Amino acid sequence: MKIVTAGIGLRAGHVLSLLKDAMPEAEVVGFYDPQPTHLAMIGEDTPRFEDVADMLAQTKPDLFFVGSPNSFHLEHIKLGLAAGVRIFTEKPVVTTKSETMELASLLAEHGTDQVMVGLVLRYSQHMVDLRAVMDQLGPIVSLEANEHIGPYHGAFFMRDWRRMIRWSGGFMLEKCCHDLDIYNMITGARPVEVASFGGRKSFVPQFAPTSNTENEIMHRKQSVWESVPDAFHSDGDIIDYQTAILRYDSGASLAFHTNLNVPDEHRRFCVMGALGMAEGDFVRGYLKATARDGSIIADHDYTQGDPAHMSAHYGADHMMVADIAAFLRGDSKTLPVGVVDALEAGLVAMALDEARINGGMVRMHDTWAEFDEWKLRA
């Protein structure tokens, strides 16, 4: 199993190191990155290439890992598709609606099974266990959810390349596409009307740290490429809080809130069905499902897992890599999430930002009609 990567930052290095552990037969045979920062995670002796197309042509890999900054994803995915290589891309897949439709046209030609995607929450034990009880909840009626991020992580976004919409696509797309995807999964539907409000009120000059302790917190998570030293005086144009409401074509509705400056962080969801409900929290490590008569359908405590595995996306990184290894070996025919799911979640994030910027409600019917012209779903 020969693997090459475009980008070798922390995320790419972490996932590839896990994949090498899960697949001893896997070998990273090349990388492209003008500024590699975590090469040691795949091996300092990994051959370096100055051009992605040349790397693909020379190595003829079995898997092409796209771990470059978001704005480069489409360019690199196109090269992988042209080379006939199976691709794993980090999320979000692309950063604009026009890129989404361009990639949809390419997937219609090359096949959606050519591209896997790192929407890791679908692989989590929370979602495995929730899927097991969904039928007992009845039709999903309404949901509330959040992603509340600690100041150390929020400051990372404000210092990192992700602070610029032109590179990341915006915070809702970059960080919350995971969440939007799993709520599409839970409802079994797509949003048709969305509204959103938000801005930047925490990472501003007047709230810059006044103590060494706070300043150390704001620099705990390292950034390298196109970074700036100060999260509170940065040139970034992403937001640090956002509240959204969504109505799905099934009739279900979702209220979603994200904030990048929450000292006691959590990532909670509450799903209400006609026959029961399910509530959980990825950070605090639980899932409880309750039937309409008050009986407990499921009650899971995830805080007792292997600490080495629980450190990355609540243990889901290891589960994702295990599933991908089985898929690549042919031991499994499907994965919990596909590139079409990722593109749909991305379009929702883009619509939410459109609503936030322009005001009012965004109706997505025309977007879905355009996307569905490519007939990517069987």
Pairwise label distance in nanometres, F72 with A326, each label 7 Å out on the Cα-Cβ vector: 3.3
Packing-based order for 14-27, 219-232, using average beta carbon neighbours within 10 Å, highest first: 14-27, 219-232
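Local charge sum around E102 (other residues, Cβ-Cβ under 15 Å, Lys/Arg +1, Asp/Glu -1)? It would help to have the intermediate numbers written out before the result.
Numbers: positive: K78, K97; negative: E75, E99, E109, E370, E373.
It works out to a net charge of -3.
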For q = 0.18, 0.19, 0.23 Å⁻¹, Debye-computed log10 I/I(0) when each Cα of region 1-128 counts as one equal scatterer: -0.97, -1.07, -1.48
The chain - mean residue ellipticity at 222 nm from DSSP helices (-39,500 (n - 2.57) per run, n ≥ 4, rounded to 500): -11000 deg cm²/dmol
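Using Cα pairs closer than 8 Å and at least 6 residues apart in sequence, work out the relative contact order for region 49-178, in percent.
25
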Spatial separation of Cα centroids for region 300-378 and region 102-145, in angstrom: 5
Cut-off under 5 Å, modelled amide H: who pairs with T5 long-range: G30, F31, Y32, F65
Amide H within-cut-off set for D249, under 5 Å, with H built and near neighbours excluded: R190, V192
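So what is the relative contact order for the chain, in percent, with contacts set as C-alpha pairs under 8 Å and at least six apart? Don't jump to the answer; show the numbers that get you there.
Details: 748 pairs, mean separation 78.7, N = 378.
The value is 21 percent.
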Neighbour-limited loop hits for trypsin sites (Lys or Arg not before Pro), region 316-374 (at most 13 other Cβ within 10 Å; DSSP other than H, G, I, E, B): K333
Solvent exposure of the chain as accessible area per residue, Å², 1.4 Å probe: 42
Ranked packing of 341-351, 269-279, most packed first, by mean Cβ within 10 Å: 341-351, 269-279
Under the Karplus curve 6.51 cos²θ - 1.76 cosθ + 1.60, θ = phi - 60°, whole-Hz ³J(HN,Hα) for region 12-23, x wherever Gly or Pro sits: 4, x, 5, 5, 5, 5, 5, 5, 5, 5, 6, 10
Spin-label model distance (nm) - V204 vs K375, 7 Å beyond Cα toward Cβ: 5.2
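If I compute solvent accessible area with a 1.4 Å probe over the protein chains, what percent of it on the chain is carbon and sulfur? Numbers along the way, then the final one.
On the way: 8050 of 16020 Å².
Of the solvent-accessible surface of the chain, carbon and sulfur hold 50 percent.
Would you mind classifying region 220-330 by shape? Square roots of the alpha carbon gyration tensor eigenvalues, ordered a ≥ b ≥ c; an a/c under 1.5 is rounded, otherwise it is prolate if a/b is larger than b/c and oblate if not.
Values: a/c = 1.91, a/b = 1.32, b/c = 1.45.
Judged from the Cα gyration tensor, region 220-330 comes out oblate (a/c at least 1.5, b/c at or above a/b).
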Per-pair calculated FRET efficiency, R0 = 56 Å: D249 and V228 via Cβ, rounded to 0.05: 0.85
Simple label model, 7 Å out from Cα along Cβ direction - I297 to L10, nm: 3.7
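Roughly what % of DSSP beta bridges within the chain run antiparallel, to the nearest 5?
Numbers: 39 of 63 bridges.
Antiparallel bridges make up about 60 percent of those DSSP assigns within the chain.
Multiplying the sequence separation of V128 and R284 by 0.36 nm and subtracting their Cα-Cα distance, what value in nm do you get? Before the final figure, lay out the partial values.
Details: separation 156, 0.36 × 156 = 56.16 nm, distance 1.69 nm.
Separation in residues times 0.36 nm, less the Cα-Cα distance, equals 54.5 nm.
Taking the Cβ of E216 as the centre, find all other residues whose Cβ is under 14 Å away and add up their charges (Lys, Arg: +1; Asp, Glu: -1). Don't skip to the answer; put the middle values down first.
Working: positive: R159, R220, K221; negative: E214, D230.
With Lys, Arg at +1 and Asp, Glu at -1, the net is +1.
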For S142, residues with placed amide H under 5 Å, excluding near neighbours: S253, M272
Between region 193-230 and region 50-97, the Cα center-to-center distance that results, in Å: 30
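The values are calculated or read from the model by the stated rules, or taken from the named source; none is laboratory data. Just so you know, these numbers come straight off a predicted model, no measurement behind them. Here the Cβ is made from the backbone with ideal geometry for all residues, glycine too, and neighbour counts use every protein chain on show. Heavy atoms of the whole protein, side chains included, go into the accessibility calculation; ligands, DNA and RNA do not. Shrake-Rupley method; radii C 1.70, N 1.55, O 1.52, S 1.80 Å.
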